[in-house]
1. Taking amide H atoms as placed 1.01 Å from N in the peptide plane, list the residues 5 or more away in sequence, or in a different chain, whose amide H sits under 5 Å from that of Q113.
2. Which order do the peptides 168-174, 37-43 take when ranked by the mean count of other beta-carbon atoms within 10 Å per residue, highest first?
3. For the stretch 159-176, just list the computed ³J(HN,Hα) in residue order, Karplus coefficients 6.51, -1.76 and 1.60, θ = phi - 60°, integers in Hz, with x standing in for Gly and Pro.
4. Lysines near K167 by alpha-carbon distance under 23 Å, same-chain residues fewer than 8 away left out - which ones?
5. Taking the alpha-carbon centroid of each part, what is the distance from the stretch 52-116 to the stretch 146-191 in angstrom?
6. Loop only by DSSP, 14 or fewer other Cβ within 10 Å of the Cβ. Give me the chymotrypsin sites (Phe, Trp or Tyr not before Pro) in the stretch 114-201 that pass, ordered by residue number.
7. So what are the ³J(HN,Hα) numbers for the stretch 94-106, from phi and the Karplus equation (6.51, -1.76, 1.60; θ = phi - 60°), rounded to whole Hz, Gly and Pro as x?
8. Can you return the aspartates and glutamates within cross-link range of K174? Criterion is Cα-Cα under 18 Å, with same-chain partners fewer than 8 residues away left out.
Amino acid sequence: MAPKKNNNALIIFIKNPVKGRVKTRLAKDADEDYALKVYLELQNYTRDVSLKTDATRYLYYSSHIQGVDLWDPLLFNKRLQSNGDLGERMRNAFAEILTFHEKVIIIGSDCIQLDSEILNSAFVLLDEYDIVLGPAIDGGYYLLGVKEYPPDIFTSMPWSTGMVLDKTIERILKAGKSCRLLQELSDIDYLEDWERYGYEL
């Protein structure tokens, strides 16, 4: 049964945790086993934060839906990301979940500084603003929240570059939408990020 409308939804994008396919940039400075451990810790952290958030939770896997893993299917509605680049996959996820909910936020599992207070405040800010963005230190964003199908902010975006946030804001304002930025946080992409913001495994 589809969830009722008029409530919050949190979309979480994750990669299936497969050695050699996660945290590849971090693995170059450590090794694939360590990178996988870091990614699983990040997933654990993201799961715990999301459980403290006032929202219906949707977990989107990258390649296949796992029945038994860190994510309890009674607490997370499990789905599969669509084909295409990151923009296409996010756009399709928003289109699906906005059918059931009025306010939708999407996050990944790379930000160990993210907490439930930030997520809950983002939902509140969507009462006043069309779009809420959580800027990442590397020039991308760790959170995107909307209350209607967003303007064209996903097509031909230079993903994984330092231009993503600025270009996204530019497109939002060009579409005549209001935007609120949250505090700047760091994603965990490299070993130095983990050593600075994470903890010893």
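Derivation of every value follows stated rules applied to the coordinates shown; laboratory data play no part. Here the structure is a predicted model, which means the values were calculated and not measured. Here the Cβ positions follow ideal geometry from the backbone for every residue, glycine too, while neighbour counts run over all protein chains shown.
1. S186
2. 37-43, 168-174
3. 4, 6, 10, x, 9, 4, 4, 4, 5, 5, 4, 4, 5, 4, 5, 4, 7, x
4. Straight-distance partners of K167: K103, K147, K177.
5. 18
6. Loop-located and lightly packed - W159, Y199.
7. Along the stretch 94-106, the couplings run 4, 4, 5, 6, 5, 5, 10, 10, 8, 10, 10, 10, 10 Hz.
8. K174 reaches D130, E148, D152, D166.
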